[in-house]
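Right, one structure below, let's go through it.
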Amino acid sequence: MKFNQLLILFIISLSVLIACNNKSSSKTEEPASTADTNTAAKPLVFDQLTGTWKSEDGQNFERWIKNEDGTYKTDVYSLKGTDTTWKESGRVYPENSNWVYENKVTNQNDGKVIKFTSTKMSDNSVQF
């Protein structure tokens, strides 16, 4: 699968996961530049992703962890029998009043990380 196809698939998956946890809110979207790293006061959209997500086939997983410093880590892997294949890893962190999503896909982009900066953010969604 080409890198662009994997990236699109990941972004769609991320959107679906957020939408599945969508709670009704009358709050309008705010520019991402209002990102607040003080997560103790207000939960962030990324908090809705924490945990391990399993695909319908039961062989692919996406795990999201919130770190003590308020950043997030994600790993995507598949299981076949007792073998684990790590497919991608990423992290989300604040930078210059925005949130950044960095992703690294196994055997793609010469092993380099791709960096996306948030452009919009609300209680239920984030746009990179």
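Only Lys, Arg, Asp and Glu carry charge here, each on its Cβ (+1 for the first two, -1 for the last two); on that basis region 41-128 has a dipole of about 100 debye about its Cα centre.
The local environment of Val92, defined by Cβ-Cβ distances under 9 Å, has a net charge of +1 under the rule Lys, Arg +1 and Asp, Glu -1.
The accessible area of Arg91, taken with all protein chains in place and a 1.4 Å probe, comes to roughly 110 Å².
When the Cα atoms of region 50-128 are aligned to their principal axes, the ranges along those axes come out at 43, 30, 23 Å in descending order. Under a model in which nothing but the beta-carbon of Lys, Arg (+1) and Asp, Glu (-1) is charged, region 77-128 shows a dipole of about 80 debye around its Cα centre.
The values are calculated or read from the model by the stated rules, or taken from the named source; none is laboratory data. Everything quoted here is computed from the prediction, not taken from an experiment. Positions of Cβ are generated from backbone atoms using ideal geometry, with glycine treated the same way; all protein chains shown enter the neighbour counts. Surface accessibility is based on the protein's heavy atoms, side chains included, excluding ligands, DNA and RNA. Shrake-Rupley method; radii C 1.70, N 1.55, O 1.52, S 1.80 Å.
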